[in-house]
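Worksheet: the structure to be examined is printed underneath.
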Amino acid sequence: MGAASDLMGGAMDDGSADRSAQVEEVTAELRAWADGRIDVQAVALVGSYAREPGAATAESDVDIVVVTSKVSDYLESTDGFPATLELPPLRAKQWGVVHERRLRHRETGLAVELNFTTPEWAATTPEVDSGTKKVVLDGIRVLRDPHGLLARLIDACR
């Protein structure tokens, strides 16, 4: 890290390198969690941490889209939530077909928004939903997509 910091004239001294490492830790844990869940069809990092380096601020949260065939399981109980996140959720909201649960990561303290939705959220026919397209164009990094659901969505949004 020192070399990168030196090349950038100390631009990483604000803690952003540490924060980026923490986000990578969180996303790796969430990918491993999703790998063990039969109902989870795809997972993506979206928002500021998925955009170009430097887009996220100290106040940014880690926004995760979880495409699952069993959204209701996550709304009715927190039993299936990743063990690395503190319970109960700090906040619960609904954005159309997306159900947000805001939690805190135990080790890093980062705010993590798990946004549970069905595969229909990523539908590309007859056309991509305008809200979904905005999320994708605002920044997306696929963490898990064994069936190509998110790959097709991203292609359709270009």
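The values are calculated or read from the model by the stated rules, or taken from the named source; none is laboratory data. Here the structure is a predicted model, which means the values were calculated and not measured. When we count neighbours, we look across all protein chains shown, and the Cβ atoms used for this are built from the backbone with ideal geometry, even at glycine.
Among all positions in region 68-75, there is no residue which is among the aromatic types (Phe, Trp, Tyr), in contact (Cβ under 8 Å) with a residue 24 or more places away in the chain and within 20 Å of ILE140 (Cβ to Cβ). Restricting attention to region 44-72, and to residues there that are surrounded by fewer than 16 Cβ atoms within 10 Å (Cβ to Cβ) and acidic (Asp, Glu), which single residue is modelled with the lowest pLDDT? Per the criteria, the residue is GLU52. Taken as a whole, the condition of being crowded, with 16+ Cβ neighbours inside 10 Å and of a type in the set (A, V, I, L, M) does not apply to LEU90. Quickly run through region 142-158 and pick out the residues that are surrounded by 15 or more Cβ atoms within 10 Å (Cβ to Cβ) and of a type in the set (Lys, Arg). Matches in region 142-158: ARG144, ARG152. For region 68-90, the set of residues classified as touching a Ser or Thr at 6+ places or on another chain (Cβ under 7 Å), among the hydrophobic types (A, V, I, L, M, F, W, C) and outside any helix (DSSP H, G or I) consists of LEU87 only. Being touching a Gly at 6+ places or on another chain (Cβ under 7 Å), at pLDDT below 95 and among the small types (Gly, Ala, Ser) holds for only one residue in GLY96, GLY10, GLY2, and it is GLY96. Does ARG31 satisfy the criteria of being at pLDDT 95 or above, within 16 Å of the chain's Cα centre (by Cα) and not hydroxyl-bearing (Ser, Thr, Tyr)? The answer is yes for ARG31. State which residue pairs qualify: first residue on the phi > 0 side of the Ramachandran plot and without any contact (Cβ under 8 Å) to a residue 24 or more places away in the chain and inside region 91-110, second residue of a type outside the set (Lys, Arg) and buried (at least 17 other Cβ atoms within 10 Å of the Cβ) in any location, beta carbons under 9 Å apart, and separation of 6 or more residues or different chains. These pairs meet every condition: GLY109/GLN22.
Please verify whether region 120-130 includes one or more residues that are under 20 Å from SER48 (Cβ atoms), surrounded by fewer than 18 Cβ atoms within 10 Å (Cβ to Cβ) and in contact with a Leu (Cβ under 9 Å, 6 or more places away or on another chain). The answer is no, given that none of the residues of region 120-130 is under 20 Å from SER48 (Cβ atoms), surrounded by fewer than 18 Cβ atoms within 10 Å (Cβ to Cβ) and in contact with a Leu (Cβ under 9 Å, 6 or more places away or on another chain). Summed over region 134-148, residues that are part of a loop (DSSP other than H, G, I, E, B) and either more than 12 Å from the chain's Cα centre (by Cα) or within 17 Å of ALA34 (Cα to Cα) (or both) total 5.
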